[in-house]
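Here the structure comes first, spelled out in structure tokens, and everything after it is commentary.
The values are calculated or read from the model by the stated rules, or taken from the named source; none is laboratory data. Here the structure is a predicted model, which means the values were calculated and not measured. Glycine also receives a Cβ, built like all others from the backbone with ideal geometry; neighbour counts cover every protein chain displayed.
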Ligand SMILES: NC(=O)c1ccc[n+]([C@@H]2O[C@H](COP(=O)([O-])OP(=O)(O)OC[C@H]3O[C@@H](n4cnc5c(N)ncnc54)[C@H](OP(=O)(O)O)[C@@H]3O)[C@@H](O)[C@H]2O)c1
């Protein structure tokens, strides 16, 4: 397989650090440039990150001495040095939209963690196991941007990775609606307990904008391409409550689901569908693909955040407690690693898909 030169925009942040660790031993991708805010620009990566390094593994050698570029003032320089960039920055949405489009117009493909472009009609929002075919929209996006190589592709919000993969193989039974409560780790806010002491022994029943994302983004994933746009699916309807809980990593979801009249599968059918589910990521055998995407635990007290979030390098989804419900048809629990499957790992998998399908080429 070809080797690709990769940049990370926002490389000093929580998700950015995950990208740097995932690129350390990646078989196709080699980290060649890092960009962040003007505060970090000109420093080595090690100096710029300083005590903010929050990963369990040491800072990778190839990143340490890279001189951080200014993501905005140094955009041309950054784009020249790479075949594509990952992007995870903490800026306002308009600024992020402008920044990502600027890189795309500089012919630098952007694989983004940010939410700013998730609802841009010709930007694919992809979970490779679910809607890999949406990347075809890139041709329409390139026509709009007037680019040959450049485009933007995004991954979806971290919250929904713990339940949408489980609901997806059940759509064929006529899933009518789902009610979801998420219990989300503090790294999802770019924080550790040292930097967010108020979260120790606490639960905050509010995460700005998260409930709308958790309800609406699945409909874009399940949408279809029509006239150069991705049109969202009409259902199933999802209602969500999202809580911040005192866990470092790992988003859990308690899910209730109701099927249309006559569609309700058996518990055995659901477990068999989960066990058998494979998407294009598995068919293409991409390097970051989990062997088994959906793992079902029979133990009544699993999945647990600390025990199960890192399953298959944090790229698998853990499920458990599937049982009948008195108001809905069934209820179950899902868990995913928010900065791996839910953020940097999901974006790396998406980039692998884009490379394998020829949308990103090595210069
Ligand atoms: N954490 C998660 O689990 C998660 C999951 C999915 C999506 N996301 C999304 O990913 C993005 C980053 O999240 P995070 O948790 O990694 O945030 P973070 O830890 O606060 O890091 C933010 C990054 O953005 C950079 N930055 C800030 N202002 C900038 C500017 N004006 N120009 C260029 N770069 C700038 C920072 O650089 P400096 O170090 O120089 O300040 C840093 O590298 C957000 O859009 C977030 O919504 C996060």
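Anything in region 349-363 that is in contact with a strand residue (DSSP E or B) (Cβ under 7 Å, 6 or more places away or on another chain) and in a helix (DSSP H, G or I)? List them, or say none. Steps first, answer last, please.
From region 349-363, those in contact with a strand residue (DSSP E or B) (Cβ under 7 Å, 6 or more places away or on another chain) are 350-351, 354-355, 360, 362; that's our starting set.
Within region 349-363, 350, 351, 354, 355 qualify.
Kindly establish whether residue 153 is in contact (Cβ under 8 Å) with a residue 12 or more places away in the chain, within 16 Å of the ligand (Cβ to nearest atom) and either part of a strand (DSSP E or B) or under 30 Å from residue 241 (Cβ atoms) (or both).
Here the answer is yes, as residue 153 does meet what is asked.
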*Kindly indicate whether residue 104 is touching a helix residue (DSSP H, G or I) at 6+ places or on another chain (Cβ under 7 Å), under 24 Å from residue 33 (Cβ atoms) and part of a loop (DSSP other than H, G, I, E, B).*
no
*Any hit, region 6-19, residues being under 15 Å from the mean Cα position of the chain (by Cα) and away from the ligand (no atom under 12 Å from the Cβ)*: no
_Hits in region 41-80 (condition: outside any helix (DSSP H, G or I), under 25 Å from the mean Cα position of the chain (by Cα) and either buried (at least 20 other Cβ atoms within 10 Å of the Cβ) or more than 13 Å from the ligand (Cβ to nearest atom) (or both))_ = 56, 57, 58, 59, 60, 68, 69, 71
*Would you point out the residue of region 29-39, among those that are in contact with a strand residue (DSSP E or B) (Cβ under 8 Å, 6 or more places away or on another chain) and in a loop (DSSP other than H, G, I, E, B), that is surrounded by the most Cβ atoms within 10 Å (Cβ to Cβ)?*
37
_Among the residues in region 130-143, are any outside the structural domain of residue 230 (by TED's automatic domain parsing), modelled with pLDDT under 95 and in a helix (DSSP H, G or I)?_
no
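What are the residues in region 317-332 that are part of a strand (DSSP E or B) and either within 14 Å of the ligand (Cβ to nearest atom) or surrounded by fewer than 22 Cβ atoms within 10 Å (Cβ to Cβ) (or both), if any?
Applying the first criterion (part of a strand (DSSP E or B)) to region 317-332 yields 317-324, 330-332.
Across region 317-332, the qualifying residues are 320, 321, 322, 323, 324, 330, 331.
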*Among the numbered conditions (1) out of contact with any helix residue (DSSP H, G or I) (no Cβ under 7 Å at 6 or more places or on another chain); (2) within 14 Å of the ligand (Cβ to nearest atom); (3) closer than 26 Å to residue 306 by Cβ, tell me where residue 167 comes up short.*
(2)
